[in-house]
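Data first, discussion second: the structure below is written as structure tokens.
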Amino acid sequence: MNSTMKYLSFVVTTRNDGENSDGLNRMQIFVSSLIEQCNRFDLDAELIIVEWNPPVHKPLLVDAVQWPERQAACLIRVVQVPAEVHFRFKNPEVIPLFQMIAKNAGIRRAGGRFVLATNMDILFSNELMRFLASRQLDPKRMYRIDRHDVPAELNPQLSMDERMEWCGRNVLRVYRYLETVEVINGMIPPMQQADTSFWIRLRDWFMQQEKPLHTNACGDFTLLAADYWTKIAGYPEFPIRAMKLDGLLCYAAHYAGAKESVLRDPMRIYHLEHAARVDGAHIALSERDSEGSDVQISLPQYQLWVEEMKRTRRPIIFNTPSWGLADTDLSEFVIG
């Protein structure tokens, strides 16, 4: 971990990809919103952007993004992973951005007491940012949250408060515990009401340690103390599509001792909906149960690893001590 200690490190990965023409717009909204909120709520933070395998004929992020003039509360660091590093891995032509390996490179270099792995198409509600700035995070917990999808047509000229109000009024769907629900006529369907009888509650209490974790869309928001990221050696560094790697990370953190805590409304993350990602997640969704693929984990294999962790009560550490490209010198640019 970096020696310059911040309270919280935000870690994301992206690149200025020509095939995803609106990606730069979402990136701009993300950066501008995050910096403004950090300044407003005095959140002692840093934003680490891992620019993975930058396309040769596109401007680098340091030149392509309009960086905020005032960022007193939040340091911005851009870590570049060049093509020659990308091509060390298997499947470099099929997957031009290895999302979780890239995030690990940022997590390994993070200087925050806590590290939040998220994505460049996510916006944080003011209530969530106010909570993060309050310094109430528990180093023994893993924080998760429901994801709220909103249309990509967010006017970047809106003020921060107008932006948050617009997101709240335009939710398309919600990724919550064990289910993804579509919003109908502006109404979010309620969770099924659990039986509150004594015996049902007693049974649930006994089963509490074994119930599934909230891994739905967990790649968009997983917050842990830096020590836990180190303890489990980050995300599994398989050169494949990102699906299920984030879930394995959550179970590893859980069995390493980080108790899951799901942040509730009005704390939210908003996801700007968009077309297929550069890492091929749209293909992974259509082939989520496939076996024999060398570019993504099959559901049976995922289940085997999760069941092993449940049985042994121990995390599976998938990586070597050099996880996060620790043995690779990477160029870094500090904005401002």
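Readers should treat all values here as calculations from the given coordinates under stated rules, not as data from a laboratory. Predicted, not measured: the structure shown is a model, and the values here were computed from it. Please note: Cβ atoms are built from the backbone with ideal geometry, for glycine as well, and neighbour counts cover all protein chains shown.
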Please build a GNM for the chain, connecting alpha carbons under 10 Å apart, and tell me which residue among 326, 226, 252 fluctuates the most.
-> 326
The FRET efficiency for residue 66 and residue 311, from their Cβ-Cβ distance with R0 = 35 Å and rounded to 0.05, is 0.10
Would you calculate the separation in nanometres between label points at residue 169 and residue 40, each defined as 7 Å from the Cα along the Cα-to-beta-carbon direction?
-> 1.6 nm
Isolated Cys in the chain by the 4.7 Å beta carbon test?
-> 167, 218, 250
Counting DSSP beta bridges in segment 6-335, what percent are antiparallel, to the nearest 5?
-> 45 percent
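How much length, in nm to one decimal, is gained on full extension between residue 299 and residue 264, taken as 0.36 nm per residue of separation minus their Cα-Cα distance? The partial results should precede the final answer.
Values: separation 35, 0.36 × 35 = 12.60 nm, distance 2.86 nm.
Gain on extension, residue 299 to residue 264, equals 9.7 nm.
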Pairs of Cα atoms farther than 24 Å apart, the chain, % = 55 percent
Charge dipole magnitude, Cβ of K and R +1, D and E -1 - segment 1-147, Cα centre, debye nearest 20 = 640 debye
Say a site is exposed when it is one of the GluC sites (Glu not before Pro), sits in a DSSP loop, and has at most 12 other Cβ atoms within 10 Å; what is then the longest site-free stretch of the chain?
-> 211-290
So, how do all the Cα-to-Cα distances of segment 75-131 break down into 5 Å bins, in percent, from 0 on up?
-> 4, 13, 22, 22, 17, 10, 6, 4, 1
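Starting from 0.36 nm per residue, how many nanometres of slack lie between residue 22 and residue 158 once their C-alpha separation is accounted for?
Using 0.36 nm per residue and subtracting the Cα-Cα distance, I get 47.2 nm.
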